[in-house]
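Just passing along the structure, written as C-alpha coordinates.
The values are calculated or read from the model by the stated rules, or taken from the named source; none is laboratory data. These figures come from a predicted structure and were not determined experimentally. Please note: Cβ atoms are built from the backbone with ideal geometry, for glycine as well, and neighbour counts cover all protein chains shown.
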Amino acid sequence: MNDIINLNNNYYIKVVNKNNEIPFESMNIKNLKLTKLLKKQKIIFQVDFNEFSTKEYKKILKKILLVKNVTMKMKKKLGLDEDKKTIVAYIINFNEKNVAQKDFISGISAIFYPTRYERYNYIYDTVCDYLDSYFYGKNLCDFKNNKCGEKRNTSSTTGCCHHFRNKALGPFSKLVLCEYLNKENYTCDAKCLPCKLFTCDYLEKKGIKFKIKEILLLDVFFNPLQKYFIKYMVFTPKEKILKRLIKL
Ligand code: SF4
Ligand code: SF4
(Lines give C-alpha, C1' and ligand atoms only; values in the text may rest on other atoms or scores of the structure.)
(Ligands and ions follow the chains in the order given, each with its own letter.)
Protein backbone atom coordinates (compact mmCIF):
# COMPACT_ATOMS: atom_id res chain seq x y z
CA MET A 1 0.00 0.00 0.00
CA ASN A 2 1.28 3.46 -0.86
CA ASP A 3 1.64 5.96 1.96
CA ILE A 4 1.90 9.70 2.01
CA ILE A 5 4.13 11.38 4.57
CA ASN A 6 3.18 14.97 5.37
CA LEU A 7 6.29 17.09 5.88
CA ASN A 8 4.13 19.62 7.82
CA ASN A 9 4.92 22.43 5.47
CA ASN A 10 2.77 21.99 2.35
CA TYR A 11 5.06 19.32 0.91
CA TYR A 12 4.69 15.55 0.94
CA ILE A 13 6.73 12.38 0.41
CA LYS A 14 5.16 9.37 -1.28
CA VAL A 15 6.22 5.87 -0.24
CA VAL A 16 6.04 3.45 -3.20
CA ASN A 17 6.58 -0.29 -3.54
CA LYS A 18 7.91 -0.56 -7.08
CA ASN A 19 10.33 1.42 -9.22
CA ASN A 20 7.75 1.87 -11.97
CA GLU A 21 5.60 3.95 -9.59
CA ILE A 22 8.29 6.65 -9.50
CA PRO A 23 7.87 9.43 -12.11
CA PHE A 24 10.59 9.25 -14.79
CA GLU A 25 11.55 12.93 -14.35
CA SER A 26 12.58 12.46 -10.68
CA MET A 27 16.26 12.77 -9.71
CA ASN A 28 17.95 9.93 -7.81
CA ILE A 29 19.51 11.46 -4.68
CA LYS A 30 22.38 8.95 -4.86
CA ASN A 31 23.86 10.74 -7.86
CA LEU A 32 22.45 14.26 -7.61
CA LYS A 33 24.39 16.79 -9.67
CA LEU A 34 23.75 20.52 -9.73
CA THR A 35 24.46 20.61 -13.49
CA LYS A 36 21.46 18.33 -14.07
CA LEU A 37 19.21 21.00 -12.53
CA LEU A 38 19.64 23.31 -15.50
CA LYS A 39 17.88 20.89 -17.84
CA LYS A 40 14.96 20.20 -15.49
CA GLN A 41 11.68 22.10 -15.31
CA LYS A 42 10.55 20.41 -12.11
CA ILE A 43 12.67 19.11 -9.27
CA ILE A 44 11.47 15.85 -7.73
CA PHE A 45 13.68 13.61 -5.61
CA GLN A 46 13.88 9.82 -5.67
CA VAL A 47 15.12 8.00 -2.55
CA ASP A 48 15.91 4.27 -2.55
CA PHE A 49 16.95 3.24 0.97
CA ASN A 50 18.65 0.12 -0.47
CA GLU A 51 21.09 2.28 -2.41
CA PHE A 52 22.96 4.00 0.43
CA SER A 53 24.07 3.35 4.00
CA THR A 54 23.38 5.31 7.21
CA LYS A 55 26.97 6.64 6.98
CA GLU A 56 25.95 8.56 3.85
CA TYR A 57 22.83 10.19 5.37
CA LYS A 58 24.61 13.39 6.41
CA LYS A 59 26.25 13.93 3.00
CA ILE A 60 23.02 13.21 1.10
CA LEU A 61 20.85 15.51 3.26
CA LYS A 62 23.33 18.35 2.79
CA LYS A 63 23.17 17.78 -0.95
CA ILE A 64 19.34 17.81 -0.99
CA LEU A 65 19.38 21.09 0.97
CA LEU A 66 21.77 22.63 -1.54
CA VAL A 67 19.70 21.46 -4.54
CA LYS A 68 16.49 22.72 -2.91
CA ASN A 69 18.02 26.15 -2.25
CA VAL A 70 19.34 26.42 -5.82
CA THR A 71 15.94 25.31 -7.18
CA MET A 72 14.22 28.10 -5.24
CA LYS A 73 16.76 30.67 -6.45
CA MET A 74 16.30 29.53 -10.07
CA LYS A 75 12.53 29.79 -9.54
CA LYS A 76 11.97 26.23 -10.82
CA LYS A 77 9.00 24.17 -9.70
CA LEU A 78 9.56 21.98 -6.68
CA GLY A 79 7.67 18.69 -6.61
CA LEU A 80 4.85 17.09 -8.60
CA ASP A 81 1.17 17.88 -7.94
CA GLU A 82 -0.87 14.77 -7.19
CA ASP A 83 -4.39 14.86 -5.65
CA LYS A 84 -3.92 18.48 -4.52
CA LYS A 85 -0.64 17.58 -2.79
CA THR A 86 2.86 18.58 -3.84
CA ILE A 87 5.05 15.47 -3.76
CA VAL A 88 8.71 16.47 -3.44
CA ALA A 89 10.14 12.97 -3.10
CA TYR A 90 9.26 9.37 -3.89
CA ILE A 91 10.78 6.79 -1.58
CA ILE A 92 11.21 3.07 -1.99
CA ASN A 93 12.41 0.30 0.37
CA PHE A 94 11.40 2.37 3.39
CA ASN A 95 10.95 0.58 6.70
CA GLU A 96 8.90 2.72 9.10
CA LYS A 97 10.27 0.75 12.07
CA ASN A 98 13.84 1.67 11.15
CA VAL A 99 14.80 4.57 13.48
CA ALA A 100 17.71 5.75 11.29
CA GLN A 101 15.48 5.90 8.20
CA LYS A 102 12.85 7.86 10.16
CA ASP A 103 15.56 10.31 11.24
CA PHE A 104 16.53 10.71 7.58
CA ILE A 105 12.88 11.55 6.73
CA SER A 106 12.91 14.15 9.57
CA GLY A 107 15.99 15.60 7.85
CA ILE A 108 14.04 15.90 4.56
CA SER A 109 11.19 17.51 6.49
CA ALA A 110 13.62 20.08 7.96
CA ILE A 111 14.95 20.90 4.48
CA PHE A 112 11.54 21.84 3.12
CA TYR A 113 10.76 24.54 5.67
CA PRO A 114 10.70 27.85 3.83
CA THR A 115 12.98 29.78 6.20
CA ARG A 116 16.07 28.97 8.24
CA TYR A 117 14.25 30.06 11.43
CA GLU A 118 11.37 27.65 10.82
CA ARG A 119 13.86 24.86 10.06
CA TYR A 120 15.77 25.49 13.29
CA ASN A 121 12.53 25.70 15.26
CA TYR A 122 11.41 22.31 13.85
CA ILE A 123 14.80 20.69 14.58
CA TYR A 124 14.88 22.17 18.08
CA ASP A 125 11.39 20.84 18.94
CA THR A 126 12.02 17.43 17.34
CA VAL A 127 15.24 16.86 19.31
CA CYS A 128 13.62 18.10 22.56
CA ASP A 129 10.69 15.70 22.02
CA TYR A 130 13.14 12.86 21.40
CA LEU A 131 15.08 13.62 24.61
CA ASP A 132 11.88 14.05 26.66
CA SER A 133 10.53 10.71 25.47
CA TYR A 134 13.91 9.07 26.19
CA PHE A 135 13.61 10.07 29.87
CA TYR A 136 9.81 9.93 30.22
CA GLY A 137 8.54 7.66 33.02
CA LYS A 138 11.92 5.98 33.63
CA ASN A 139 13.33 8.02 36.55
CA LEU A 140 16.80 7.53 35.05
CA CYS A 141 18.19 10.10 37.51
CA ASP A 142 16.89 7.90 40.36
CA PHE A 143 15.15 10.70 42.28
CA LYS A 144 14.24 9.78 45.86
CA ASN A 145 12.93 12.42 48.31
CA ASN A 146 13.76 15.09 45.72
CA LYS A 147 17.45 14.05 45.62
CA CYS A 148 18.90 12.56 42.44
CA GLY A 149 21.51 9.80 42.22
CA GLU A 150 24.40 12.19 41.60
CA LYS A 151 23.54 14.36 44.64
CA ARG A 152 22.36 11.55 46.93
CA ASN A 153 24.95 12.15 49.64
CA THR A 154 24.77 15.94 49.56
CA SER A 155 22.21 18.45 50.86
CA SER A 156 21.36 19.49 47.29
CA THR A 157 17.83 18.83 46.03
CA THR A 158 16.05 19.20 42.63
CA GLY A 159 18.92 17.68 40.61
CA CYS A 160 21.17 19.91 38.53
CA CYS A 161 18.80 22.89 38.03
CA HIS A 162 21.06 25.23 40.04
CA HIS A 163 23.56 27.85 39.01
CA PHE A 164 25.71 30.48 40.67
CA ARG A 165 23.94 33.83 41.08
CA ASN A 166 27.04 35.91 40.33
CA LYS A 167 29.96 34.01 38.81
CA ALA A 168 32.26 37.03 39.17
CA LEU A 169 32.18 36.59 42.94
CA GLY A 170 33.89 33.21 42.60
CA PRO A 171 33.78 31.19 45.85
CA PHE A 172 31.51 33.83 47.47
CA SER A 173 28.82 33.40 44.84
CA LYS A 174 25.62 31.71 45.99
CA LEU A 175 24.22 28.58 44.37
CA VAL A 176 20.56 29.27 43.55
CA LEU A 177 17.72 27.41 41.88
CA CYS A 178 17.41 28.13 38.16
CA GLU A 179 14.72 30.77 37.60
CA TYR A 180 13.15 28.64 34.85
CA LEU A 181 12.42 25.72 37.15
CA ASN A 182 8.67 25.45 37.67
CA LYS A 183 8.43 25.21 41.47
CA GLU A 184 4.98 23.56 41.37
CA ASN A 185 5.76 20.49 39.29
CA TYR A 186 9.58 20.64 38.98
CA THR A 187 9.53 20.88 35.19
CA CYS A 188 11.50 23.29 33.02
CA ASP A 189 9.65 26.37 31.71
CA ALA A 190 12.50 27.29 29.36
CA LYS A 191 12.58 24.25 27.02
CA CYS A 192 16.36 24.45 27.15
CA LEU A 193 17.90 21.97 24.68
CA PRO A 194 21.48 22.28 26.04
CA CYS A 195 20.18 21.33 29.53
CA LYS A 196 18.31 18.36 28.06
CA LEU A 197 21.50 17.20 26.33
CA PHE A 198 23.53 17.43 29.55
CA THR A 199 24.44 14.17 31.28
CA CYS A 200 26.40 14.06 34.55
CA ASP A 201 28.89 11.37 35.65
CA TYR A 202 26.07 9.44 37.31
CA LEU A 203 24.13 9.11 34.04
CA GLU A 204 27.26 8.46 32.02
CA LYS A 205 28.16 5.57 34.31
CA LYS A 206 24.77 4.13 33.37
CA GLY A 207 25.78 4.47 29.69
CA ILE A 208 23.60 7.53 29.01
CA LYS A 209 25.36 10.26 27.05
CA PHE A 210 24.20 12.40 24.11
CA LYS A 211 26.69 13.50 21.49
CA ILE A 212 25.66 16.19 19.02
CA LYS A 213 27.47 14.43 16.19
CA GLU A 214 25.37 11.32 16.83
CA ILE A 215 22.05 13.20 16.56
CA LEU A 216 21.50 13.43 12.80
CA LEU A 217 19.35 16.60 12.76
CA LEU A 218 21.86 18.55 14.87
CA ASP A 219 24.86 17.18 13.06
CA VAL A 220 23.61 17.95 9.53
CA PHE A 221 22.08 21.40 9.90
CA PHE A 222 24.40 23.24 12.30
CA ASN A 223 27.98 24.45 11.88
CA PRO A 224 30.68 23.93 14.56
CA LEU A 225 30.02 27.30 16.25
CA GLN A 226 26.27 26.67 16.42
CA LYS A 227 26.99 23.21 17.85
CA TYR A 228 29.16 24.83 20.52
CA PHE A 229 26.20 27.00 21.64
CA ILE A 230 23.78 24.06 21.47
CA LYS A 231 26.07 22.26 23.91
CA TYR A 232 26.88 25.11 26.29
CA MET A 233 23.92 27.55 26.40
CA VAL A 234 22.47 25.87 29.48
CA PHE A 235 19.99 27.73 31.78
CA THR A 236 18.67 29.55 28.68
CA PRO A 237 15.16 29.67 27.19
CA LYS A 238 14.48 28.31 23.71
CA GLU A 239 13.75 31.69 22.05
CA LYS A 240 17.11 33.09 23.15
CA ILE A 241 18.97 30.02 21.86
CA LEU A 242 17.21 30.14 18.47
CA LYS A 243 17.99 33.86 18.20
CA ARG A 244 21.68 33.12 18.78
CA LEU A 245 21.75 30.19 16.31
CA ILE A 246 20.16 32.21 13.52
CA LYS A 247 22.92 34.84 13.77
CA LEU A 248 25.74 32.31 13.25
S1 SF4 B 1 21.54 14.69 35.24
FE2 SF4 B 1 22.73 13.99 36.99
S3 SF4 B 1 22.87 15.77 38.34
FE4 SF4 B 1 21.21 16.18 36.87
S5 SF4 B 1 19.34 15.45 37.88
FE6 SF4 B 1 20.10 13.73 36.67
S7 SF4 B 1 21.41 12.56 38.07
FE8 SF4 B 1 21.09 14.57 38.98
S1 SF4 C 1 16.76 25.88 32.11
FE2 SF4 C 1 17.96 24.08 32.63
S3 SF4 C 1 18.55 24.40 34.75
FE4 SF4 C 1 16.84 25.80 34.34
S5 SF4 C 1 15.00 24.67 34.92
FE6 SF4 C 1 15.34 24.29 32.76
S7 SF4 C 1 16.52 22.37 32.74
FE8 SF4 C 1 16.66 23.20 34.80
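Mind listing whichever residues of segment 63-97 are surrounded by 12 or more Cβ atoms within 10 Å (Cβ to Cβ), in contact (Cβ under 8 Å) with a residue 40 or more places away in the chain and in a loop (DSSP other than H, G, I, E, B)?
Gly79, Asn93, Phe94
Examine segment 175-194 for a residue that is under 22 Å from Gly107 (Cβ atoms), within 16 Å of ligand 2 (Cβ to nearest atom) and without any contact (Cβ under 8 Å) to a residue 60 or more places away in the chain, and state whether such a residue exists.
Looking for residues that are under 22 Å from Gly107 (Cβ atoms), within 16 Å of ligand 2 (Cβ to nearest atom) and without any contact (Cβ under 8 Å) to a residue 60 or more places away in the chain, one finds at least one in segment 175-194, hence yes.
For residues that are under 16 Å from Tyr122 (Cβ atoms) and either surrounded by 16 or more Cβ atoms within 10 Å (Cβ to Cβ) or within 12 Å of ligand 2 (Cβ to nearest atom) (or both), tally how many sit in segment 197-241.
Residues of segment 197-241 under 16 Å from Tyr122 (Cβ atoms): 215-222, 226, 230, 238-239, 241.
Those still in the list that are either surrounded by 16 or more Cβ atoms within 10 Å (Cβ to Cβ) or within 12 Å of ligand 2 (Cβ to nearest atom) (or both) too: 215-222, 226, 230, 238, 241.
Residues that pass the stated criteria total 12.
Val127: out of contact with any Gly (no Cβ under 8 Å at 6 or more places or on another chain) and more than 30 Å from Met27 (Cβ to Cβ), yes or no?
Working: out of contact with any Gly (no Cβ under 8 Å at 6 or more places or on another chain): yes; more than 30 Å from Met27 (Cβ to Cβ): no.
It is false that Val127 is out of contact with any Gly (no Cβ under 8 Å at 6 or more places or on another chain) and more than 30 Å from Met27 (Cβ to Cβ).
Here's a follow-up. Evaluate the following for Gly207: is it more than 30 Å from Ile108 (Cβ to Cβ), at pLDDT 90 or above and within 16 Å of ligand 1 (Cβ to nearest atom)? So that I can check it myself, show each step before the final result.
Numbers: more than 30 Å from Ile108 (Cβ to Cβ): yes; at pLDDT 90 or above: yes; within 16 Å of ligand 1 (Cβ to nearest atom): yes.
Yes: the conditions hold for Gly207.
Check segment 98-112 and report whether any residue there is part of a loop (DSSP other than H, G, I, E, B) and closer than 21 Å to Met27 by Cβ. Quick ask: steps written out before the conclusion?
Initial filter on segment 98-112 (part of a loop (DSSP other than H, G, I, E, B)): 98, 112.
From what's left, closer than 21 Å to Met27 by Cβ: 112.
Looking through segment 98-112, at least one residue is part of a loop (DSSP other than H, G, I, E, B) and closer than 21 Å to Met27 by Cβ.
Another one. Which residues, counting only those in segment 2-59, are under 24 Å from the mean Cα position of the chain (by Cα), loosely packed, with under 10 Cβ neighbours inside 10 Å and touching a residue at least 24 places away in the same chain (Cβ under 8 Å)?
Selection gives Asn50 alone.
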